Amino acid sequence: MFLAVAALGALGVAFGNSIQNILGNAFGSGLGGLLPGGDRFRIYSITGSYPEISADKFRLNVSGLVDRPATLTMADLQAMPKTSFTKAFQCVTGWRVPDVHWEGVKLSDILDSVGVQPGAVAVGFDSYDHADSESLTIDQAHLPDVIVAYSMLGAPVTTAHGGPVRLYVAPMFGYKSLKWLSGIRVIDKVEPGYWEQNGYPVNGWLDGTTGPSNPNPELT
Ligand SMILES: Nc1nc2c(c(=O)[nH]1)N[C@H]1C(S)=C(S)[C@@H](COP(=O)(O)O)O[C@H]1N2
Ligand SMILES: [Mo]
């Protein structure tokens, strides 16, 4: 198990080094269809290991430019209105898993519950891995298919997939869907995360456009 995880970690580092090539290939080849080995998840961890957080110990810190900072437990999340839908998961490198069932809480419901203050421009996300991070503009964060997910594939999100809780940003490539979510910070500017610092677009829309607003709402 340790070796397998370490090997995956090395893969992640290799991706980081040649990320421009991968991007070029993925965008140049019509994303998906032509690439080998479709329809299954690859497990990514840039650290080469998984943070093990039990559902009991899990806490989600919501802070920054909000009226009521909060520390949410799993029970708190499950008590909030549940959103569920079936949508594909697509990595920018070409693999794609269709018809994944997702359950969780809309990020916008969490933001509404804490009260976003004037001056908020973006939302930053932290991971229990202390390595990856992400952010979205405040408009992107309010899209109805951007969720804080506690279930995927019909079961609680596994540790490998970023459980107990991961982000799922349906209209964007997989790298935006931060695993092992530990914190949500309402902030005054977009903060490019690990994958963006290595060359992926900050606005990771599935159709490859790179502007801040959703070019193609019906695509997802
Ligand atoms: N914390 C963390 N989140 C992450 C990653 C990662 O390495 N670490 N990889 C991203 C990338 S590039 C993809 S495609 C998906 C992969 O999700 P999976 O490992 O559940 O297949 O997770 C995203 N979220
Ligand atoms: Mo990815």
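The values are calculated or read from the model by the stated rules, or taken from the named source; none is laboratory data. This is a predicted model, so every value here is computed, not measured. Cβ sites come from the backbone with ideal geometry, for glycine too, and all protein chains shown count toward neighbours. Note: areas computed on protein heavy atoms with side chains; ligands, DNA, RNA excluded. Shrake-Rupley method; radii C 1.70, N 1.55, O 1.52, S 1.80 Å.
Put simply, of Val146, Val157, Val169 the only residue that is buried (at least 17 other Cβ atoms within 10 Å of the Cβ) and closer than 15 Å to Tyr44 by Cα is Val157. Against the criterion of being within 13 Å of ligand 2 (Cβ to nearest atom), in a strand (DSSP E or B), surrounded by 12 or more Cβ atoms within 10 Å (Cβ to Cβ) and modelled with pLDDT of 95 or more, Val105 does not qualify. Quick one: which strands (runs of 3 or more DSSP E) lie wholly within region 120-181 and hold at least 1 residues that are within 15 Å of ligand 2 (Cβ to nearest atom)? Once the strands (runs of 3 or more DSSP E) in region 120-181 are filtered for at least 1 residues that are within 15 Å of ligand 2 (Cβ to nearest atom), what remains is 122-127, 133-137, 166-169. Checked against (1) more than 16 Å from ligand 1 (Cβ to nearest atom); (2) open to solvent by 80 Å² or more (accessible area, probe 1.4 Å), Leu77 passes all but a single condition, namely (2). If you go through region 149-206 and keep only what is under 21 Å from Ala75 (Cα atoms), more than 10 Å from ligand 1 (Cβ to nearest atom) and in contact with a Ser or Thr (Cβ under 6 Å, 6 or more places away or on another chain), you end up with just Arg185. Residues that are assigned to a loop (DSSP other than H, G, I, E, B) and either touching a residue at least 60 places away in the same chain (Cβ under 8 Å) or not acidic (Asp, Glu) (or both) within region 61-94 comprise Leu65, Arg68, Pro69, Thr73, Met80, Pro81, Lys82, Cys91, Val92, Thr93, Gly94, listed in sequence order.
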